[in-house]
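Notes to accompany the following structure.
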Amino acid sequence: MYGKKGEDLIIKVPVGTQVRDFTTGKLILDMSVNGEQRVLLKGGKGGYGNVHFKNSVRKAPKIAEKGGEGAEIKVKLELKLLADVALVGYPSVGKSSFINKVSAANSKVGNYHFTTLEPKLGVVRLEEGKSFVIADIPGLIEGAHEGVGLGDKFLRHIERCKMIYHIVDAAEIEGRDCIEDFEKINEELRKFSEKLANKKQIVIANKMDLIWDMEKFEKFKSYLTEKGIEIYPVSVLLNEGLKEILYKTYDMLSKIEREPLEEEADITKLLKELKIEKDDFEITRDEEDAIVVGGRIVDDVLAKYVIGMDDESLITFLHMMRNLGMEEALQEFGVQDGDTVKIADVEFEYFE
Ligand SMILES: Nc1nc2c(ncn2[C@@H]2O[C@H](COP(=O)(O)OP(=O)(O)OP(=O)(O)O)[C@@H](O)[C@H]2O)c(=O)[nH]1
Ligand SMILES: [Mg+2]
């Protein structure tokens, strides 16, 4: 006979949920892909039925194993909102204006630097079922990678994104130079981490409505094209050129896998580490003065045997006890003839 299989317990969590061990904080599962199913803990091993114990002598065995207990772990679930795209660029290039135009985000816009002080997320909804998340972060400046303008804090925030919109002020209204801006921001990304530097990046040349002389823009464009980088001229103010970018992005995102930032810990190893090692077995007396043999070996090995009231299984059981050194241990404990001994829910009367 075989026992019935236990039922799976399925817990649905939002994308971006991190499952961590409660005590050590170690990351066990990083649920960052939509629709994915992962196993957190396996149930206990099923026990063998009596057929398993059949051999030429034992034709109709009456021993069977009980299934083992499944592992237990206390976890905490943390939801990390995951941006797919991060808006990166110097202050006042129009990052917040951009996110406000393409999503319901309400990011502060101002004609002074560092208008944005905290990262903000916005959901871009293209059509039913087609959406992605972009993050507006404060403007970056030289030295951002080492904390200037709190840049390192924001850069850490976008390390999990799939791609970068690098926004540049194409009108160069503050006496800027597009090529120089582009290179400097990338230098900051590179100095912060390889991961950021290697992310897919597209350049959005903003404020095209302010450009009268296209020569500089064309120079910037060919500079990027030579490097194989896509550039999209837009005017966030006039809502020109934005839609195309969003649709292209949606297609690109499906081809980019999200990189894990933190390695997931191996659950089997973790459980071993967490397990407080017990002695193989321990002998105590309960309130009714019966002698109780308990402990790991009893729980894991002996308790798995369902004892029938027949001689055969009883003999097997006693044989195992003796092999485990329990009889000796009981004598050392001071067991007397006629004492009640309880092992794994079975009561015996002890006689030497
Ligand atoms: N003419 C014009 N002005 C724009 C355009 N996009 C943004 N601006 C203006 O540029 C200024 C800065 O815009 P923000 O969106 O706050 O810029 P930001 O990049 O978020 O700036 P920080 O948060 O400081 O990094 C504001 O005065 C905007 O109105 C555009 O396409 N054309
Ligand atoms: Mg801003």
How much of the DSSP bridge set in the chain is antiparallel, in percent, rounded to the nearest 5?
55 percent
Within the under-11-Å Cβ sphere about ARG285, not counting ARG285, Lys/Arg +1 and Asp/Glu -1 give a net charge of -4
Ignoring ligands, DNA and RNA, what accessible area per residue does the chain give at 1.4 Å, in Å²?
61 Å²
With θ set to phi - 60° and the Karplus curve 6.51 cos²θ - 1.76 cosθ + 1.60, what are the ³J(HN,Hα) couplings of the range 44-57 in order, to the nearest whole Hz, using x for Gly and Pro?
x, 5, x, x, 6, x, 4, 4, 4, 9, 6, 8, 5, 8
With each run of n ≥ 4 DSSP H residues scored as -39500 (n - 2.57), what mean residue ellipticity at 222 nm is computed for the chain after dividing by its residue count and rounding to the nearest 500 deg cm²/dmol?
-7500 deg cm²/dmol
What are the ³J(HN,Hα) couplings of the range 282-289, residue after residue, when phi is run through the Karplus curve with 6.51, -1.76, 1.60 and θ = phi - 60°? Round to Hz, x for glycine and proline.
9, 10, 9, 10, 8, 5, 8, 6
Out of the GluC sites (Glu not before Pro) in the range 96-183, which ones are loop residues according to DSSP with at most 15 other C-beta atoms within 10 Å?
GLU128, GLU142, GLU159, GLU174
Long-range amide H partners of LEU140, meaning residues 5 or more apart or on another chain whose placed amide H is closer than 5 Å, are GLY89, TYR90
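Cα gyration tensor of the range 59-165, axes a ≥ b ≥ c as square roots of the eigenvalues: rounded (a/c below 1.5), prolate (a/b > b/c) or oblate?
Prolate, since a/c reaches 1.5 and a/b exceeds b/c.
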Got a sec? Charge dipole of the chain, +1 on Cβ for Lys and Arg, -1 for Asp and Glu; which of MET320, THR116, ALA290 is way out at the positive end?
THR116
Reported to the nearest 10 Å², SER254 has, with a 1.4 Å probe, an accessible area equal to 90 Å²
For the chain, take N as its residue count and report Rg(C-alpha) divided by 2.2 N^0.38 Å.
1.62
Rounded to the nearest 0.05, what FRET efficiency do ASN111 and GLU264 give with R0 = 45 Å and r taken as the Cβ-Cβ distance? Could you check?
0.50
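When a/c is below 1.5 the answer is rounded, else prolate if a/b is larger than b/c, else oblate, so apply that to the range 81-255 with a ≥ b ≥ c taken from the square roots of the Cα gyration tensor eigenvalues.
Values: a/c = 1.26, a/b = 1.07, b/c = 1.19.
Judged from the Cα gyration tensor, the range 81-255 comes out rounded (a/c under 1.5).
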At least 15 Å along the helix axis (C-alpha) and Kyte average at least -0.5, DSSP helices within the chain
242-253, 311-323
Quick one: length gained pulling LEU79 to GLU180 fully straight, 0.36 nm per residue minus the C-alpha distance?
32.6 nm
Top positive-direction residue, dipole computed over the chain with Cβ charges, set THR268, GLY334, SER193
SER193
Note down the accessible area of ILE167, probe 1.4 Å, to the nearest 10 Å².
0 Å²
Computed accessible area, PHE22, all protein chains, 1.4 angstrom probe, square angstrom:
100 Å²
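Within 12 Å, Cβ to Cβ, of THR249, how many net charges do the neighbouring residues add up to if Lys/Arg are +1 and Asp/Glu are -1?
On the way: positive: LYS130, LYS162, LYS200, LYS243, LYS248, LYS255; negative: ASP84, GLU230, GLU244, ASP251.
Net charge around THR249: +2.
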Share of accessible surface on carbon and sulfur in the chain, whole %, 1.4 Å probe and ligands ignored, is 51 percent
Please report how far the C-alpha centroid of the range 124-202 lies from that of the range 1-64, rounded to the nearest whole angstrom.
44 Å
Dipole magnitude of the range 81-255 about its Cα centre, charges +1 at Lys/Arg Cβ and -1 at Asp/Glu Cβ only, in debye to the nearest 20?
680 debye
Accessible heavy-atom area order of LYS199, LYS5, LYS153, highest first, probe of 1.4 Å:
LYS5, LYS153, LYS199
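The values are calculated or read from the model by the stated rules, or taken from the named source; none is laboratory data. Note that this is a predicted model, so its numbers are computed, not measured. For neighbour counting, all protein chains shown are included, and Cβ atoms are generated from backbone atoms with ideal geometry for every residue, glycine included. Please note that ligands, DNA and RNA were not included when accessible areas were found on the heavy atoms of the full protein model with its side chains. Shrake-Rupley method; radii C 1.70, N 1.55, O 1.52, S 1.80 Å.
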